[in-house]
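Comments concern the structure below.
The values are calculated or read from the model by the stated rules, or taken from the named source; none is laboratory data. Owing to the predicted nature of the structure, the values given are computational and were not obtained by experimental measurement. Positions of Cβ are backbone-derived with ideal geometry, glycine not excepted, and every protein chain shown enters the neighbour counts.
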Amino acid sequence: MASATIDKPARWRGTLGVLASARAWIFLFVLLVVFELWSQIAYGTTFVFSAFNLRSVSVFAVAPVLLGLGQTLVIISGGIDLSVGFTMGLAAVIAAQVANDVGASAGVGVGLVAGIVAALAATLIPGWVNGLLIARLRVPPFIGTLGMYGVARGAAYLFANGTTVPVNNPWLTFLGNGRILGVPVVVIIALIVVLLVHYLLSETLFGQYTYAIGGNRQATLRAGVNVRRVTILLYMLSALTAGVDGILYTGRFAAGAPQAGEPLLLDSIAAVVIGGASLFGGSGTVMGTIIGALIIAVIQYGLVFLDVEPFWQFIAVGLVIIVSVLVDQSQKRLGGGRQDE
Amino acid sequence: MSDVASDAPVLETYGISKRFGGVHALERVNFTLRAGEVVALAGDNGAGKSTFTKIISGVFQPSEGEIRYRGRRVSFDGPQAARTQGIETIYQDLALADNLDIGGNVFLGRELKTKFLFLPRIDRRRMREEAAKAIAVLDVHLDRLDRPVRALSGGQRQAVAIGRAIHWDARVLIMDEPTAALGVPEQRKVMDLIRSLKTKGIGVIFISHNLADMFAVSDRIVVLRRGVVAGERMVGDADPEEIVRLMVGQ
């Protein structure tokens, strides 16, 4: 009986659905082709087939990828985390300060470890408070994390006395700028975090419940899932990936800046959306977010490479966001999904 | 159809009353449900149908009276307690996570696990297969199991919700307006589902506004009016007009 239910239009819709879900890949591909042609015609040089460019783009993409990973988890569950940018800044200044202070008396290695541990531990506080506000006190995620955006921002500036904290720990700067077998350390660390989050999301109960909460929170509660605990953990993880991002930023620029993540907040949300997640929750993947972040990084780096006024970056990224949401909507209209009642 | 039902009641209530402040929502309701029996609860809005089913399913505690389930006196301190004992409610909104596949829904909160090397992981394949078996019992077959249940028809989605209940050994199913918001062919499918529940010895409490549905599928109709049992008829001996008279109290 099942085969009888599939008619031709349904099949056609199926193909279209696959195309649409691959839209992020298609975007990235088209973007690379355009930049390559542009680069060849205007400057007679390659854009894509240059190890330097590939390395630069991948380093460029690390910051939005890491911030986007936590954001992906939160958005799949139907929430949003506006505080990640300044949580990242808080981690950046704490990592710098603690690595300096502890390093001065206990040595470079201990200083590095202390800086990392202190920064990550510090990020867990805003993450935990976000989780409590949203899971226990039922504050809307947009409002709760907007409040935390302000709190983390102020805390980061106060901690840094209103300026940036220069780093004198060479191990920390190696984390940010070093290479192992030609691969930047920041990229290696980002890949490890990516694999961890991917495993968490696609193979564990925690990941399954993240999707379930985003799909139907009430049903997940009725099924006996501890929705509160999962939600609190989600926001703590989001803060934690922002913390890793902050540490790498401090290493890369040899200074902890409170505003390290400020321009990255919207990039992180954009990466998740371009990657195919719905802001209504229930969908999204780690792979999608990575492609989304790569698209943003290619646009930003590529336009600089092609000597275009930097302000065009904002316009280009903005257009990509709008177009990808439009494609998503038309997929829903044409595809198998149910319509709004 | 009553020959399918065994004589042993699976669920009985004696003198159940419920008051909210000064409001008497239910007054001394006696009710019996046998295994394999479908009992329709009829009544106007505010007659107490929903209060009564919420008491059976552990959402409310009765102010007075007792519930006997499978021969023993029980009291549920919450819906989870009733569910683990085998009293399941199929909600109107179906309580499905639309974005998960049928395996994810049938096993939500009780996922099957396996290992990849040393890492624990969810066993999606086995969950799908088991879920497919659970709904095959209801004579519903899907060609693709890996799609989110959003892609299923209304009747198929009902089957997933019911299949989940049966898979976890429900003995009593409370179905609140299961045919509302469905097209006619899908309504028929749901009626078939209810009939197949009878043959599995599951007791069904069926709430509906649709008299035709009640007569089509139930063995007995219990009419509530203003919190009391206004009447009770075997479907074979009743006619719709009489049920309506009991409902409105003339």
Filter segment A:241-256 for residues that are surrounded by fewer than 24 Cβ atoms within 10 Å (Cβ to Cβ) and touching a helix residue (DSSP H, G or I) at 6+ places or on another chain (Cβ under 6 Å); which is farthest from A:L201 (Cα to Cα)? A:A254
For segment B:81-98, name all the residues that are on the phi < 0 side of the Ramachandran plot and outside any helix (DSSP H, G or I). B:I87, B:E88, B:T89, B:I90, B:Y91, B:Q92, B:D93, B:L96, B:A97, B:D98
Filter segment A:195-209 down to the residues that are more than 9 Å from chain B (Cβ to nearest Cβ) and touching a helix residue (DSSP H, G or I) at 6+ places or on another chain (Cβ under 7 Å) and list them by number. A:V197, A:H198, A:L200, A:L201, A:F206
Taking the residues in segment A:311-323 that are touching a helix residue (DSSP H, G or I) at 6+ places or on another chain (Cβ under 7 Å) and without any contact (Cβ under 8 Å) to a residue 60 or more places away in the chain as candidates, determine which candidate is farthest from A:A271 (Cα to Cα). A:W312
Filter segment B:98-133 for residues that are among the acidic types (D, E) and without any contact (Cβ under 8 Å) to a residue 40 or more places away in the chain; the one that is surrounded by the fewest Cβ atoms within 10 Å (Cβ to Cβ) is B:E129
Considering each residue of segment B:122-131, count those that are more than 11 Å from chain A (Cβ to nearest Cβ) and of a type in the set (A, V, I, L, M, F, W, C), and give that number. 1
One residue from B:A151, B:A181 being surrounded by fewer than 21 Cβ atoms within 10 Å (Cβ to Cβ), on the phi > 0 side of the Ramachandran plot and within 13 Å of chain A (Cβ to nearest Cβ): B:A181
Look through A:L233, A:L266, A:L221, A:L306 and report the one residue that is of a type in the set (A, V, I, L, M) and at pLDDT 95 or above. A:L233
Testing B:P178 on (1) part of a loop (DSSP other than H, G, I, E, B); (2) within 16 Å of B:L108 (Cα to Cα); (3) under 13 Å from the mean Cα position of the chain (by Cα), one condition comes back false. Which one is that? (2)
So in segment A:1-57, with the set limited to residues that are surrounded by 16 or more Cβ atoms within 10 Å (Cβ to Cβ) and of a type in the set (S, T, Y), which one is modelled with the lowest pLDDT? A:S21
Apart from one, (1) closer than 30 Å to B:G22 by Cβ; (2) within 12 Å of chain A (Cβ to nearest Cβ); (3) touching a Lys or Arg at 6+ places or on another chain (Cβ under 9 Å) all hold for B:I87; the odd one out is (2)
Residues that are of a type in the set (F, W, Y) and either closer than 28 Å to B:S153 by Cα or in contact (Cβ under 8 Å) with a residue 60 or more places away in the chain (or both), drawn from segment B:48-97: B:F52, B:Y69, B:Y91
Positions within segment A:209-222 being touching a Phe, Trp or Tyr at 6+ places or on another chain (Cβ under 9 Å), crowded, with 17+ Cβ neighbours inside 10 Å and without any contact (Cβ under 8 Å) to a residue 24 or more places away in the chain, in sequence order: A:A219, A:T220, A:R222
Mind counting the residues in segment B:99-120 that are assigned to a loop (DSSP other than H, G, I, E, B), at the interface with another protein chain (Cβ under 7 Å from one of its Cβ atoms) and at pLDDT 90 or above? 4
List the strands (runs of 3 or more DSSP E) inside segment B:1-80, counting only whole elements, that have at least 3 residues being under 29 Å from B:T179 (Cβ atoms) and either of a type in the set (V, I, T) or touching a Phe, Trp or Tyr at 6+ places or on another chain (Cβ under 7 Å) (or both). B:9-20, B:23-34, B:38-42
Does A:V286 meet the test of being within 21 Å of A:S58 (Cβ to Cβ) and of a type in the set (A, V, I, L, M, F, W, C)? yes
With the first residue restricted to segment A:34-48 and required to be in contact (Cβ under 8 Å) with a residue 60 or more places away in the chain and part of a helix (DSSP H, G or I), and the second required to be among the small types (G, A, S) and surrounded by fewer than 15 Cβ atoms within 10 Å (Cβ to Cβ), Cβ contacts under 9 Å at 6 or more apart or on different chains are none
Where in segment A:210-284 are there helices (runs of 4 or more DSSP H), lying wholly inside it, with at least 2 residues that are more than 13 Å from chain B (Cβ to nearest Cβ)? A:227-253, A:264-274
